[in-house]
1. I need a count of the residues in segment 1-15 that are without any contact (Cβ under 8 Å) to a residue 40 or more places away in the chain and more than 16 Å from residue 62 (Cα to Cα).
2. For segment 1-30, what are the residues that are in a loop (DSSP other than H, G, I, E, B) and polar (S, T, N, Q)?
3. How many residues does segment 16-32 contain that are within 9 Å of the chain's Cα centre (by Cα) and over 13 Å from residue 52 (Cα atoms)?
4. So which pairs qualify, if the first residue must be in segment 35-61 and in a helix (DSSP H, G or I), the second must be exposed (fewer than 13 other Cβ atoms within 10 Å of the Cβ) and not acidic (Asp, Glu), the Cβ gap must be under 8 Å, and the two must be at least 6 apart or on different chains?
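Quick note: the coordinates plus some simple rules give every number you see, no bench work behind them. The structure displayed is predicted, hence computed values, not measured ones. Quick reminder, even Gly has a Cβ in these numbers, built from the backbone with ideal geometry, and neighbours come from all protein chains shown.
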Amino acid sequence: MEEKPLFADYPELLTAPEVAEMLRVSKITLIRWAKSGKLVPEVRLNERGDKRYTKRQILAFIGQSVE
């Protein structure tokens, strides 16, 4: 049986709740990390300011190889 890559079932652009679930942290922790520069969303979707993280960014953050 072939192993799926880590987070294969998640989309390429991720919301804060999805990232919090992936990393098993609270949304408040993500906000703190963004304010401190530790993990800042890379994509701004619209003028309203909706932001998304990329799956590549999250994999790099946790130290997984990005293919």
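1. 6
2. Within segment 1-30, 15, 26 meet the criteria.
3. 2
4. Hits for this filter: 55/11; 56/66; 59/65; 59/66; 60/66.
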